[in-house]
Amino acid sequence: MSGALTVEDALARLLAAARPVTERETVAADDALGRVLAEPLVSDVAVPPLDNSAMDGYAVRLAEADADTWLPVSQRIPAGHPGQPLQPGSAARIFTGAAIPPGADTVVMQEDCEQIDDRVRVRRPPPLGANIRRAGEDIHVGQCVLAAGARLGPARLGVAAATGAATLTVCRRLRVAVFFTGDELVPPGQPLPPGRIYNSNRATLLALLRGLGVEIRDLGQVADTLEATVDVLRAAAGQADVVITSGGVSVGEEDHVKAAVHALGGSIDLWRVAMKPGKPLAHGRIGEVDFIGLPGNPVSAFVVFCLFARPFLLARMGATERAPAAFAVPAGFTRGKPGERREFLRARLEDGRAQLFANQSSGVLTSLAWADGLVDVAAGAGVEAGEPVRFLPLSELLA
């Protein structure tokens, strides 16, 4: 497609312009979900802190335990209660998570033992050292368990808790202002006059931003005039790190965003990206505030946000992991008419194959509600049923 940027080139330009926030703050770990770690987290403790039992059973010296020997049970060791050194020729009743008593070298699961009164017999001896979780086998003292730039999800917060971290140093939340242009748009809940449509982009984009954990400044809907656009853009730039709009960034008579950016002394580039859905993508700056303009069609706005705005915002948030994971799946469809632009087709996995939504129009928002991913088809490529295609799960684009 002559004069259009590839998806890779457009993304590279955006990421090259992304300046991570430098301010940091310390927050309670319980309040850090979705935040970006500003400095490495180094553990002061070993996890687990001592050798412990991986299951309920009996701690023994394996050389003394066989199917013909009854061992007296010399002690009972619940989790959190350290035991005594194991007496020679005896066994210790032990429970999951309890410390291995000095002298024991193996834990036999209770299902492989027979106990009568205070004696136990090992019916099926396991290998030496079985069922023991060794001290530090997960985390050792001085280990960097989370790198700076990591986004803190449930598993990472669990790792932080395992090291005893009650607070975490994170990057300041990114402030994102949004507004929406188009006199044809009506907020949900109001009567719908002839020739107008409800504003679905606001609901979609606000939800996408909430998923990223940014601070949102919702400036609502703006009349299609240059004066109104300048006013709201000035207000947005005064309270945000990034301003995002959908619609109004093209060159039509009713598209005022570009002129408004220039009126405020800013710069803006309108890129044509060789992709479908979506094609127009605007990026600029008003002083130190970034501006991103998304297409107005609902599916285009969603896809362009996920592929471009999302990684840009993550980079500005200080996150180092920005690329969504994709994998190959067999196509459950044939698409024999190659397009000039790279296509991102709404699809879902059924019996391990990617099936397409019947209507791939950029105005059909129900296709995204139906889909669980996007099939990435290179420009000029057809697809035959059964051949592998690149599948981008929506879960990767929404996390």
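Assorted remarks:
- Residue that is over 14 Å from R61 (Cα atoms), in contact with a Leu (Cβ under 7 Å, 6 or more places away or on another chain) and not charged (D, E, K, R), where the choices are A92, A99: A99
- Residues in segment 154-204 that are over 26 Å from the mean Cα position of the chain (by Cα) and either at pLDDT 95 or above or of a type in the set (D, E) (or both): D183, E184.
- Neighbours by Cβ (under 9 Å, 6+ apart or cross-chain): first from segment 196-210, under 15 Å from G296 (Cα atoms); second at pLDDT 95 or above and assigned to a loop (DSSP other than H, G, I, E, B): S200/L365; T204/L365
- Residue match in segment 313-320 (condition: farther than 21 Å from I216 by Cβ and of a type outside the set (F, W, Y)): yes
- Within segment 72-122, being at positive phi and exposed (fewer than 15 other Cβ atoms within 10 Å of the Cβ) holds for G80, G89, D117.
- Considered as a group, the residues in segment 27-71 that are β-branched (V, I, T), over 22 Å from the mean Cα position of the chain (by Cα) and under 30 Å from A399 (Cα atoms) include one that is surrounded by the most Cβ atoms within 10 Å (Cβ to Cβ), and that residue is V47.
- Helices (runs of 4 or more DSSP H) contained in segment 292-399 and holding at least 1 residues surrounded by fewer than 16 Cβ atoms within 10 Å (Cβ to Cβ) and hydrophobic (A, V, I, L, M, F, W, C): 366-370, 394-398
- Any hit, segment 204-217, residues being among the hydrophobic types (A, V, I, L, M, F, W, C) and within 20 Å of G287 (Cα to Cα): yes
- Residue check for G164: surrounded by fewer than 17 Cβ atoms within 10 Å (Cβ to Cβ) and closer than 28 Å to V45 by Cα: yes
- Candidates G80, G89, G103, filtered to the one that is without any contact (Cβ under 8 Å) to a residue 40 or more places away in the chain, outside the structural domain of G380 (by TED's automatic domain parsing) and more than 42 Å from the chain's Cα centre (by Cα): G89
- Which listed residue, of L226, L212, is farther than 30 Å from V21 by Cα and in the same structural domain as A240 (by TED's automatic domain parsing): L226
- For G380: the one exception among (1) closer than 30 Å to T229 by Cβ; (2) at pLDDT below 95: (1)
- Taken across segment 343-351, residues that are free of Cβ contacts under 8 Å to residues at least 40 places away in the same chain and farther than 29 Å from I244 by Cβ do occur, with at least one present.
- Test: residue in segment 196-203 that is within 25 Å of S395 (Cα to Cα) and among the charged types (D, E, K, R): yes
- Close pairs (8 angstrom Cβ cut-off, 6 or more residues apart or separate chains): closer than 16 Å to W70 by Cα and touching a residue at least 40 places away in the same chain (Cβ under 8 Å) in segment 122-134, part of a loop (DSSP other than H, G, I, E, B) and of a type outside the set (A, V, I, L, M, F, W, C) anywhere: V122/D66; V122/T69; P125/D66
- Residue check for V45: of a type in the set (A, V, I, L, M, F, W, C), part of a loop (DSSP other than H, G, I, E, B) and in contact with a Ser or Thr (Cβ under 9 Å, 6 or more places away or on another chain): yes
- Residue match in segment 250-268 (condition: touching a Lys or Arg at 6+ places or on another chain (Cβ under 9 Å) and touching a residue at least 60 places away in the same chain (Cβ under 8 Å)): no
The values are calculated or read from the model by the stated rules, or taken from the named source; none is laboratory data. All of these numbers come straight from a predicted model, not from anything done at the bench. Counting neighbours? That spans all protein chains shown, and the Cβs are built from the backbone with ideal geometry, glycine included.
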